[in-house]
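Report on the structure given below.
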Amino acid sequence: MIRKLPSGRWQVDIRQDGRGSKRIRKSFDSKAEAKRYEQHLLLRKSEDQVWNPSKDRRRLKDLIQKWYDAHGHTLKDGEKRKRKLDAMADRLRNPIATSFKVSDFATYRRLRMENDGVGENTLNHEHTYLSAVFNELIRQGEWTHENPLKKLRKFKLDEQELAFLSQEQITRLLEECKASSNPNLYHVTRLALATGARWSEAEGVTRSNFTPNRVTYNFTKSSKSRSVPISKKLYEELLEEVPFVSCSAAFRKAIERAGIDLPRGQLTHICRHTFASHFIMKGGDILTLQKILGHSDIKLTMRYAHLSPGHLELAARFNPLEKGI
């Protein structure tokens, strides 16, 4: 601030860093001199901020909270993801974020595998979640440094073939579901098998999800509603049973009683994989299947392409032993 004194001189009165900081006062014969001095002080302050920025003492959990407040709370799994991120920060001993290096996370992954038996796929998810925190804060101007995980490669995973049930296994499973003490298990399983729904989608339907011979899934993973036709018989039977109670635990027991062995991690999606596999094996096309399953990326749907009868016939026709090739 510049003000004129009773003596006729001009005084610069300024605190460089606001209230409580060092106060500078100096008087000049002219207002122009005072103005030049004020500009000199402001420029010096600006240069000092560039060359000697204040230290960022925020810890990893502070960034996670900032991410959640700015963006994470808008995600469907925002609260769940924040809990996972906080747990990661605890395992990392909640370091000061500016000192967190790529080597720290690489060591963290190794110890998680050696001491906790955590798989590479889970660690890739953790990598993705934490990297997303830094990327989002960078976008919003809340983090002015580089993403420390930017140059770290994720584990390359062997593609796991998706399991599906044979017709005979489906029959056995439905028999066990029907015999279950859970009153809704049989109906939820049939709905999932008939429409390729995720287990949570099939389990969560109410009467409002049904229109004649059709079921519509809302609040899906992709945030897009999708409708799938069902038979009149199934429509009428399900309409009498909804809403359903939780039956995922009962489904696991029914799978065991039916003597069905599944790859690790594929229990909850086995009905979805079975629908998709049989759809393709019976001649259904990939684009239609993509719409039924609600995949935003067709690469996910292409995992079933090898089951197409036409796909297999091409191998017999175009292999190098055939004449004319």
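The values are calculated or read from the model by the stated rules, or taken from the named source; none is laboratory data. Remember, predicted model here, so these are calculated numbers, not experimental data. So basically every Cβ, Gly included, is an ideal-geometry build from the backbone, and we count neighbours across all protein chains shown.
Being surrounded by fewer than 20 Cβ atoms within 10 Å (Cβ to Cβ), touching a strand residue (DSSP E or B) at 6+ places or on another chain (Cβ under 7 Å) and of a type in the set (A, V, I, L, M, F, W, C): is that true of LEU174 here?
Values: surrounded by fewer than 20 Cβ atoms within 10 Å (Cβ to Cβ): yes; touching a strand residue (DSSP E or B) at 6+ places or on another chain (Cβ under 7 Å): no; of a type in the set (A, V, I, L, M, F, W, C): yes.
Taking the combined requirement at face value, the residue does not satisfy it.
Run down LYS253, LYS221, LYS232 and say which single residue is farther than 26 Å from SER166 by Cα and either within 25 Å of the chain's Cα centre (by Cα) or of a type in the set (D, E, K, R) (or both). So that I can check it myself, show each step before the final result.
Working: LYS253 fails: farther than 26 Å from SER166 by Cα; LYS232 fails: farther than 26 Å from SER166 by Cα.
Only one candidate passes the filter, namely LYS221.
Looking only at residues that are assigned to a helix (DSSP H, G or I) and acidic (Asp, Glu) in segment 25-45, which one is modelled with the lowest pLDDT?
Taking segment 25-45 as the starting set, the residues that turn out to be assigned to a helix (DSSP H, G or I) are 31-45.
Now restrict to residues that are acidic (Asp, Glu): 33, 38.
Working: GLU33: 90, GLU38: 85.
Step by step, filter segment 25-45, then rank; the result is GLU38.
Any idea which of ASP69, ASP62, ASP48 is modelled with pLDDT of 95 or more, surrounded by fewer than 13 Cβ atoms within 10 Å (Cβ to Cβ) and part of a helix (DSSP H, G or I)?
On the way: ASP62 fails: surrounded by fewer than 13 Cβ atoms within 10 Å (Cβ to Cβ); ASP48 fails: modelled with pLDDT of 95 or more.
Just a single option satisfies the conditions, and that option is ASP69.
Select, from THR107, THR122, THR74, the only residue that is out of contact with any Leu (no Cβ under 9 Å at 6 or more places or on another chain), farther than 26 Å from ARG303 by Cα, surrounded by 12 or more Cβ atoms within 10 Å (Cβ to Cβ) and of a type in the set (S, T, N, Q). Break it down into steps so the answer makes sense when it comes.
Numbers: THR122 fails: farther than 26 Å from ARG303 by Cα; THR74 fails: surrounded by 12 or more Cβ atoms within 10 Å (Cβ to Cβ).
None of the other options fit; the residue is THR107.
Give me the residue from segment 77-103 that is surrounded by fewer than 16 Cβ atoms within 10 Å (Cβ to Cβ) and among the small types (Gly, Ala, Ser) and, out of that set, nearest to PHE219 (Cα to Cα).
For segment 77-103, the residue satisfying everything is GLY78.
Somewhere in segment 250-268, is a residue within 27 Å of PRO212 (Cβ to Cβ), hydrophobic (A, V, I, L, M, F, W, C) and either surrounded by 18 or more Cβ atoms within 10 Å (Cβ to Cβ) or touching a residue at least 60 places away in the same chain (Cβ under 8 Å) (or both)? I'd like the intermediate steps shown before the answer.
Of segment 250-268, the ones within 27 Å of PRO212 (Cβ to Cβ) are none.
No, segment 250-268 has no match at all.
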